[in-house]
Amino acid sequence: MLKRELKVNFKSFCLWFILIMTIFLIVFLIYPSIANSDNIKMMDEMLKIFPKEVLAAFNMDISSLDNVFGWLKSEGFVFILLLTACYAGIVGSNILLKEENDKTIEYLNSLPITRTKIVGTKTLVGLIYIFSLIVGLGIFNYIALTLSGNFDQKQFLLLSITPIFSSTVIYFLCLMISTFTHKSKKMLGITLGLVFGSYILYMLSTIAKEMEFLKYISVFTLADIRNVIQNVEINPIMIVSSLILSLVFFIITMIHYNKKELV
């Protein structure tokens, strides 16, 4: 069953990986021409117009845009967090539901395997592809940065790991929610709403001190990017929180799927 699931989900993984890699390839190719001395001066002057809170939301107050690594630490990782979270959410929302939508759940139920094994196997496949996307993108960016010039390798390595925390929690959350419905189209809207809604909450928490409490209900807080840029370390609390949340969502998924009336 593991080989079957890996094969079924391989095409969508390749499409997502190629899409994200193409976006960053374009940036790496054109950024040297953008980041010349005149353009950098213009960007610096333009950034002075924005409030400090807005710059902090994109890490532009602690990261210079005079090189491609500086861009990657600011706007670049915004794209990485959002795209990997979208992929993780879509995989989580669809990996169990698609058997009901494709009417293949009857075939799975006819096999000598339990629902617990179905959930376990599918969950593992989803995690394999999410980790593969993040690791693959990290390797691609490392090679591109190496060709572009000097950069802080330890800082980059830690930054490349951070999307795992937010994406994994999104994955398990959407996986859990998918057991409460039978329609994959409905889950797509819920998934995208969760991802972008959570990111908006995170942005609001960084822009206004009065709304700082919103970071505690945003999964993107777990990525801890700003701390990595400033201190070149990952807060262990974020790792533990990600593991606990993922485990709780997985347990609920397992319990409810075993009780669910499958279509």
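The values are calculated or read from the model by the stated rules, or taken from the named source; none is laboratory data. Small disclaimer: the values here were computed from a predicted structure and weren't measured. Please note: Cβ atoms are built from the backbone with ideal geometry, for glycine as well, and neighbour counts cover all protein chains shown.
Matching residues to (1) part of a helix (DSSP H, G or I); (2) surrounded by 13 or more Cβ atoms within 10 Å (Cβ to Cβ):
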position	(1), (2)
ILE177	yes, yes
HIS182	no, yes
LEU188	yes, yes
GLY193	yes, no
SER198	yes, yes
MET203	yes, yes
GLU210	yes, no
PHE213	yes, no
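Name the residues in segment 222-238 that are in a helix (DSSP H, G or I), without any contact (Cβ under 8 Å) to a residue 40 or more places away in the chain and touching a helix residue (DSSP H, G or I) at 6+ places or on another chain (Cβ under 9 Å), would you?
Of the residues in segment 222-238, the ones in a helix (DSSP H, G or I) are 222-223, 225-231, 236-238.
Next, from what is left, pick out any that are without any contact (Cβ under 8 Å) to a residue 40 or more places away in the chain: 227, 231, 236-237.
Matches in segment 222-238: ASN227 only.
Looking at the structure I just gave you, is ILE139 within 23 Å of VAL91 (Cα to Cα), free of Cβ contacts under 8 Å to residues at least 24 places away in the same chain and aliphatic (A, V, I, L, M)? Reasoning before the result, please.
Working: within 23 Å of VAL91 (Cα to Cα): yes; free of Cβ contacts under 8 Å to residues at least 24 places away in the same chain: yes; aliphatic (A, V, I, L, M): yes.
Yes, satisfied.
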**Prompt:** Say we look at segment 32-54 and pick out the residues that are in a helix (DSSP H, G or I) and either β-branched (Val, Ile, Thr) or surrounded by 19 or more Cβ atoms within 10 Å (Cβ to Cβ) (or both); which of these is modelled with the lowest pLDDT?
**Reply:** ILE40
**Request:** Would you confirm whether any residue within segment 242-254 is assigned to a helix (DSSP H, G or I) and closer than 22 Å to ASP152 by Cβ?
**Result:** no
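Being farther than 29 Å from THR116 by Cβ, hydrophobic (A, V, I, L, M, F, W, C) and buried (at least 19 other Cβ atoms within 10 Å of the Cβ) is true for just one of ILE225, ILE164, ILE217. Which residue is that?
Working: ILE164 fails: farther than 29 Å from THR116 by Cβ; ILE217 fails: buried (at least 19 other Cβ atoms within 10 Å of the Cβ).
Of the residues listed, the single one that is farther than 29 Å from THR116 by Cβ, hydrophobic (A, V, I, L, M, F, W, C) and buried (at least 19 other Cβ atoms within 10 Å of the Cβ) is ILE225.
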